[in-house]
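A.B. asks: Below is a structure I'd like to ask you about.
The values are calculated or read from the model by the stated rules, or taken from the named source; none is laboratory data. Since this is a predicted model, take the numbers as computed values, not measurements. Because the Cβ atoms are built from the backbone with ideal geometry, glycine has one as well, and the counts that use them run over all protein chains shown. Protein only, heavy atoms only, side chains kept; ligands, DNA and RNA dropped before computing areas. Shrake-Rupley method; radii C 1.70, N 1.55, O 1.52, S 1.80 Å.
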Amino acid sequence: MLNIDTLLLVQICVTLLTTALLVASACYTDSPPEQRWWAAGNVAVSAGMVMCNVDSLPLLMHSVVGYGVIGFGIALVLRGLRVYCQSTLSWTTIAIITGIVLAISAYYTLVAPSLRARLCFSGFYFALLNWMCAVAIARRGSWRISGIAFAGFVLLGLALFLRGAHLLANDDPAGTANSLVIGLSALVVPLAQICIAFGLILMVMWRYAERLRRLSTLDALTGALNRAGLEMQGKRTGLRAQRGGRSLAVIMIDVDYFKVINDTYGHPVGDEVLRHLARLVRLELRPHDLLARFGGEEFVLVLDGVDLPSALKVAERLRARIEYEMVEFDKLSVRYTASMGVVCSDQHDYDLIRLISAGDAAMYEAKRAGRNRVAVG
């Protein structure tokens, strides 16, 4: 026979420990907002559980407010999950979630007192809230990252639901069968809470890792790939094109007289020219094409499945668009041009370094020929 009091004590201790873990991880200055919502929600759940299990408290606090605080805490956790998934949960919805549990608990405590009914209701209702949390995670996907937290919410909801269902089917809450089911649910709940806590922390760690990956592979000024990102993603693109028997085109782009622009208008205007060029190039990109800032005012465009004639059309279209666009910055209007070199794997094989070198040579040929033109390598 499982000792209910011991398991409840373990459950409260695990709740407090996982809450402390989430609060500690949310105390950093740059912690994401969802992490703070999860920490606040777990603090509320811990407080509510303590209130519900301290019999010396007034009846209203013990049997009504405690349940409401738990419901409020789960709603805050759900809000954090929605924020993590680029959505939100309104305060009106949070108030409704909390109000429902307060109203039903008050009814079965003050109007029609029934411990069995209150436990059944709390089991079903809190199970539903935990499954809503699981649904919020499922919509995000990325099971490798969020699978642990998803499993924890599903398991916790299942334990609470089975507890409520068994109490509903049996009239005597203190019976042996009931005690066994409640004991098993009390054993499962802390295990599920551990899964949830570590799952949520893993989700935040993955987000930090993704942010670091982006910072390490993207150019901060233009948002294009930097050289490290180009090397990593460009090789994959080249291998895919080679395996698929498709052409791979590279377009090298360099802003003409960029030093003159910087010297005449200042570096902020030069930076805006580079950002403007990156925006224009992106308008011509397909989802799987790559744009990288190769250095200074030089950019690389990698096109999968594009042969030389098609790449020349893309380059000429870009060149003409750049020539006729105007950069507006701080009441200044600046016009600029770009020279481009175009190469293709049909002539230079699929080695990205070789393609970039050949494209660079073609681009400088375009500059020697008068700038604001496209040359083939």
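A.B. asks: Are any residues in the range 7-55 at pLDDT 80 or above and of a type in the set (D, E, K, R), and if so, which ones?
C.D. replies: Scanning the range 7-55 gives GLU34, ARG36.
A.B. asks: What's the total number of residues in the range 338-359 that are in a strand (DSSP E or B) and either among the basic types (Lys, Arg) or open to solvent by 10 Å² or more (accessible area, probe 1.4 Å) (or both)? Write out each step before concluding.
C.D. replies: The first filter runs over the range 338-359 and keeps only residues in a strand (DSSP E or B), leaving 338-344.
Keeping just the survivors that are either among the basic types (Lys, Arg) or open to solvent by 10 Å² or more (accessible area, probe 1.4 Å) (or both) gives none.
Here the count works out to 0.
A.B. asks: Further question on the same structure: What do you reckon, is LYS235 under 21 Å from ALA292 (Cα atoms), under 32 Å from the mean Cα position of the chain (by Cα) and open to solvent by 80 Å² or more (accessible area, probe 1.4 Å)?
C.D. replies: Judged against the criteria, LYS235 is a match.
A.B. asks: Condition first: assigned to a helix (DSSP H, G or I) and touching a residue at least 24 places away in the same chain (Cβ under 8 Å). Can you find one or more residues in the range 322-329 that meet it?
C.D. replies: So far as the range 322-329 goes, yes, one or more of its residues are assigned to a helix (DSSP H, G or I) and touching a residue at least 24 places away in the same chain (Cβ under 8 Å).
A.B. asks: Please name all residue pairs, on different chains or six or more residues apart, with Cβ atoms under 7 Å, provided the first residue is in the range 238-259 and is closer than 18 Å to VAL314 by Cα and without any contact (Cβ under 8 Å) to a residue 60 or more places away in the chain and the second residue is surrounded by 16 or more Cβ atoms within 10 Å (Cβ to Cβ) and not hydroxyl-bearing (Ser, Thr, Tyr).
C.D. replies: ARG246/ASP304; ARG246/GLY305
A.B. asks: With at pLDDT 90 or above, over 19 Å from MET252 (Cα atoms) and more than 35 Å from the chain's Cα centre (by Cα) as the only criterion, which of ARG319, ARG335 stands out? Lay out the reasoning, then the answer.
C.D. replies: Details: ARG319 fails: over 19 Å from MET252 (Cα atoms).
The conditions single out ARG335.
A.B. asks: If you don't mind, another one. Can you name the residue in the range 137-150 that is in a helix (DSSP H, G or I) and open to solvent by less than 50 Å² (accessible area, probe 1.4 Å) and, of all such residues, is farthest from GLY199 (Cα to Cα)?
C.D. replies: Among those residues, the one meeting the criterion is ALA138.
A.B. asks: Only residues that are among the aliphatic types (A, V, I, L, M) and touching a residue at least 12 places away in the same chain (Cβ under 8 Å): list them for the range 339-369, please.
C.D. replies: So in the range 339-369, the residues among the aliphatic types (A, V, I, L, M) come out as 340, 342-343, 352-353, 355-356, 358, 361-363, 366, 369.
Residues satisfying the conditions are MET340, VAL342, VAL343, LEU352, LEU355, ILE356, ALA358, ALA361, ALA362, MET363, ALA366.
A.B. asks: From the list PHE294, PHE299, which one is touching a Lys or Arg at 6+ places or on another chain (Cβ under 6 Å) and not in a helix (DSSP H, G or I)? Give the steps one after another, and end with the answer.
C.D. replies: Details: PHE294 fails: touching a Lys or Arg at 6+ places or on another chain (Cβ under 6 Å).
Sole residue among the options that is touching a Lys or Arg at 6+ places or on another chain (Cβ under 6 Å) and not in a helix (DSSP H, G or I): PHE299.
A.B. asks: Follow-up. Name every residue in the range 198-232 that is open to solvent by less than 50 Å² (accessible area, probe 1.4 Å), in a helix (DSSP H, G or I) and free of Cβ contacts under 8 Å to residues at least 60 places away in the same chain, in order of residue number.
C.D. replies: GLY199, THR217
Per-residue answers, yes or no, for (1) modelled with pLDDT of 90 or more; (2) touching a Phe, Trp or Tyr at 6+ places or on another chain (Cβ under 8 Å); (3) charged (D, E, K, R):
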position: HIS276; (1), (2), (3): yes, no, no
position: LEU283; (1), (2), (3): no, no, no
position: PRO287; (1), (2), (3): no, no, no
position: LEU290; (1), (2), (3): yes, no, no
position: ARG293; (1), (2), (3): yes, yes, yes
position: LEU303; (1), (2), (3): yes, no, no
position: LEU312; (1), (2), (3): yes, no, no
